[in-house]
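Nothing in this text is a laboratory measurement; each read-out follows from the coordinates by a stated rule. This is a predicted model, so every value here is computed, not measured. As a convention, Cβ positions derive from the backbone with ideal geometry for all residues, glycine included, and neighbour counts pool all protein chains shown.
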Amino acid sequence: MWNFPLFPDQASSHASSIDALYFFEWAVAIFFSIVIGIAVVVLAVRYRSGSKVDRTNPPTHSQFMEAIWIAIPFVIGMVMFAWGAILFYDMYDPPGDALEVSVVGKQWMWYIQHAQGRAEINELHIPVGQAVKLTMTSQDVIHSFFVPAFRVKQDVLPGRYTSLWFQPTKPGRYHLFCAEYCGTNHSVMGGWVEVMEPAAYERWLTEGGSGPSMAEEGARLFLQHHCAGCHRDSVTVKAPRLEGVYGRPVPIQNGKDVSFVTADVAYIRDSILRPKSQVVAGYEPIMPSFEGQISETDLLKIIAYIKSLSGKEAVR
Amino acid sequence: MHEPESHEGAPGVTAPGPESDPGHDHIHPAPGWFLTRYIFASDHKVIGIQFLFSGLIFFLVGGMLAMALRWQLAWPWKPMPILSRLLWAEPSLGYQMPPEFYNKLFTMHATIMIFFVIIPLLTGGFGNFLIPLMIGARDMAFPKLNMLSYWFMPPAMVLITYSFFVEGGSAEAGWTSYPPLAFARWATPGSLNGQTLWLLSLLFAGISSILGSINYITTIVMLRAPGMKLFRMPMTVWAMFITAILQAFALPVLTSALIMQTLDRVAGTNFFSPVGLTVANAPPVVGGGGPILYQHLFWFYSHPAVYVMILPAMGMVSDIIATFSRKPLFGYKPMVCAIAGIAGLGFIVWGHHMFQSGMNPALGATFMMSTMLIALPSAIKVFNWLGTMWGGRIQFTAAMLNAVGFVSMFIIGGLSGIFMAASPVDIHIHDTYFIVGHIHYVLFGGSTFAIFAAIHYWFPKIFGRMMNERLGMIHFFLTFIFFNGTFYLMHIVGMHGHPRRIADPTVYSYLQGAGVIGMNQFMTVNAFLLGFTQLIFVFNFLYSLAAGPKASENPWHANTLEWTTSSPPAHYNFERIPVVLHAPYEYSVPGVDEDFLPQTKPFPGGQRLEPAHS
């Protein structure tokens, strides 16, 4: 029982800075627990009813003392706030060159697919030293992607994308949990994150032959679901071209006004499932909804395909 | 502290307070019929006792659920004494607890402890019994409404108990009941029928609390005895008052969330279901709602609910510590402001339960700031309790021991709360055993020790008999030891990454090698000892109820008004409405023969004592 490593591995770039804040809080908590705990015992023993101690003029109030014990927690609290806020922002914005991986959670497994096409279940292989950004969604209930060694956790919600990024710093195998209670077999919904040397990761990606990448599969689905009929060269239907759209502002007709939204994964997803909610200015709302017809995993592939068009320009 | 009376006219019994109504001094006769006297009673004392008994009975139920939980965590899938033979003797189960049963256990343990034990005991039981007595009123402002507020509880209790026996069993979506798990009928067995009963049951319990809180607010504002100024009210009354305001504003939000979820389940609405959602191969729903919306609504109530469960405890502990330290409460007015501050901040911190839900960091940082600020009023409370003991003449009765236990455990529960305030750390420990440890330090180490303290302290007034002090002390020390043995290690396994709400921690090699199994077994042994220790309390309670020595009017030599009337008080509480002359904490006042000075007793020198302005 006592071989307990008090602490999970530190295996991501966030881990040590979060642990520093954690240890600071731990020090504050221990310090005050001990000080107050000793005070309770000392006061209780010293002023027990039988003891003969000087009780003349016991204090009943003191503005000065109240001020002190407001000021001390205030200062400590604000230090923690500033420290925590800086880290929190840091953990929110992924670097631009992050490796993109898609994650779909369902009762009770993780389906993970790399941009290059290789898919895996309950395992995530990533190269060490490389920032990784997960785009995640759930097929049913809420799950939560939790890797203690990376000190990261992000809820995975049905009907929307959440993202999470981290930069592994140490090769190894780390446990992956579902942290949000998700039903009967919640306790066995987990897996492993395998952090590999970059070369080994490259080999792993192409193991068993190089299949189509997510974008290539997406291109196939783009045809299969007849998206291409309108969104490529169509003579009969007027639909916005998708080349170069990803990541750019899109004009949206909003009654008489036009507003702009950024064409991110969430917008593209909504445009496929609820095409009438945000229609590009200058187009009729004629696209049918694909709600219930495309699985979450296919949706991510189609989005990967549209993303892959971002470098290209529409040929008119 | 002693301000000479100079500008308010002559001191003495005749000086009426601002809200006195000397004409209103008539006494209603006590109802003679058994049914209206003890069952459908409108007497606040009887209603308080009804809440007390039903709360304590459910406390035993909730405790047994917890022991079954702990068994599974320490020895997963091993046959459990009694339950295995009763429930899982079928060959297909082989005496093993099924995982969905474990999920029901933690769901129902939390639901029962929060909604059927702590809130009803604190606000329903002690709030009802003490408020009119402590402010010098004959009853609540709306006695019939009070009766109704209790009688909304039995349907809730029946529904929650019945839900264990329907197809699919009781709810198992966690006490938080996040959709879609909670509303999708096939998501879990418990979502089949149990969840609907859970929702209805909580609606009843919530309405009971809303009715109660309206009554408390009105009573405290309108029915204070002559001379009972706001700043002469005991801390218990202040705490109940502010708690009632919290409930009155927060509960309607929970009620609406519960109704929306009920409609999602039974009427096909889509408040919380996203577009095209399909769970467990059920046909997709139309959708258009947001699961996160429910989390916001739920925590908008449930964070204040944590304060609903701790503020009355703080108030009662303040009174008990002052009484047994034979000293005025240190910094009375800052203590009142601190309670108000905690309540006010309590409304703007709910987002810290959702840092990992994908919240924008600007919003997250705001919640982080407001959560950090909770430390300030909490620090005032803790240091002022210490200040009260400082220079006192402390009598270690069972009630005082439990109150001091409350202070010590609340410190740990409070300090472990700062880990949740700082979002980067919270993201790591969210949904791990760290949270479980924290909440139990607040709700068991805090609220429950305060409930034990309050029962020992007010038992003579409620039932007219004394509890056994020696048994009370043994119960306290054993509870204190086993409580810490059960819950402290949770922080450590939590930090290590042990998720909460998992039926089997041993499936992960990560948790296997690391001593977690040993710690889980250690915690379980302590939890069982903690459970059995409560039998001492049960025995003491029942034995004292039947055969304890008769209590005098004021056995603890306390100052507040409930001790100026008989034990137990007559139906009408006070023969004459008392006139309050000074603040409630005038202990060991120089110039007074005894070391206490009841609020109704004039100070010999003709001074009127007010709490100090600090």
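Could you work out the mean count of beta carbons from other protein chains within 10 Å of each residue's beta carbon in A:296-306? If you can, show how the numbers build up before the last one.
Numbers: counts 1, 0, 0, 0, 0, 0, 0, 0, 0, 0, 0.
So the per-residue partner count for this stretch is 0.
Which FRET efficiency value, to the nearest 0.05, is calculated for A:D93 and A:S289 with the Förster distance at 41 angstrom and r the Cβ-Cβ distance? Don't jump to the answer; show the numbers that get you there.
Values: r = 32 Å, r/R0 = 0.79.
After rounding, the FRET efficiency stands at 0.80.
May I ask for the angle, rounded to the nearest 10°, between helix B:332-346 and the longest principal axis of chain B, with both axes built from Cα atoms and the value confined to 0 to 90°?
30 degrees
Would you mind computing, in nm to one decimal, how far apart the modelled labels at B:S566 and A:I72 are, each placed 7 Å from Cα along Cα→Cβ?
With each label placed 7 Å out from Cα toward Cβ, I get 5.0 nm.
Report the FRET efficiency, 1/(1 + (r/R0)^6), for B:C337 and A:K256, where r is their Cβ-Cβ distance and R0 is 60 Å, rounded to 0.05. Could the numbers behind the result be given before it?
Details: r = 52 Å, r/R0 = 0.87.
Efficiency, from the Cβ-Cβ distance: 0.70.
What's the extension gain from A:V79 to A:V45 if we count 0.36 nm per residue and subtract their Cα-Cα distance?
Details: separation 34, 0.36 × 34 = 12.24 nm, distance 3.53 nm.
Result for the pair: 8.7 nm of gain on full extension.
As I understand it, the value is the acute angle between the Cα axis of helix B:235-266 and the longest principal axis of the Cα atoms of chain B; what does it come to in degrees, rounded to 10?
30 degrees
What order, most packed first, do the peptides A:79-85, B:565-571, B:161-167, B:484-490 have when packing is the mean number of other Cβ atoms within 10 Å of each residue?
Values: A:79-85: 18.9, B:565-571: 17.3, B:161-167: 14.3, B:484-490: 20.7.
Ranked from most to least packed, the peptides come out as B:484-490, A:79-85, B:565-571, B:161-167.
If one takes the longest principal axis of the Cα atoms in chain B, at what angle in degrees, from 0 to 90 and to the nearest 10, does the Cα axis of helix B:361-373 lie?
That works out to roughly 30 degrees.
Once both labels are modelled 7 Å past Cα along the beta-carbon direction, what's the B:V158-A:Q130 spacing in nm?
A separation of 6.4 nm, rounded to one decimal place.
Using 1/(1 + (r/R0)^6) with R0 = 30 angstrom and r between the beta carbons of A:Q63 and B:T218, what's the FRET efficiency to the nearest 0.05? Let's see the in-between values first.
Values: r = 34 Å, r/R0 = 1.13.
So, using R0 = 30 Å, E works out to roughly 0.30.
Considering the zone a paramagnetic label at B:L93 would reach in this model (a point 7 Å from Cα along the Cα-to-Cβ line), which residues of the stretch B:131-173 have amide N under 17 Å from it?
Hits in the stretch B:131-173 for B:L93 at 17 Å: B:163-172.
Can you compute the modelled spin-label distance between B:A267 and B:L60, with each label point 7 Å from Cα toward Cβ, in nm?
4.0 nm
Find the relative contact order for chain B and round it to a whole percent, using C-alpha pairs within less than 8 Å whose residues are 6+ positions apart.
On the way: 1076 pairs, mean separation 110.3, N = 614.
Relative contact order, chain B: 18 percent.
Restricting to Cα pairs below 8 Å that are 6+ residues apart, what does the relative contact order work out to for chain A? Please round to a whole percent. Walk me through the numbers on the way to the answer.
Working: 488 pairs, mean separation 48.4, N = 316.
So the answer I get is 15 percent.
Kindly provide log₁₀ I(q)/I(0) values, in the same order as q = 0.05 Å⁻¹, from the Debye equation applied to equal alpha-carbon scatterers of the protein assembly as shown.
Ignoring solvent entirely, the Cα scatterers give -0.33.
Just checking the output field for A:29-41: average partner chain Cβ neighbours within 10 Å of each residue's Cβ?
Numbers: counts 9, 1, 1, 8, 6, 1, 1, 12, 4, 0, 9, 9, 2.
Mean partner-chain Cβ count within 10 Å for A:29-41: 5.
Return B:Y572, A:Y161 ranked ascending by Cβ neighbour count within 10 Å, so the fewest neighbours appear first.
Values: B:Y572 17, A:Y161 22.
With the sparsest Cβ surroundings first, the list reads B:Y572, A:Y161.
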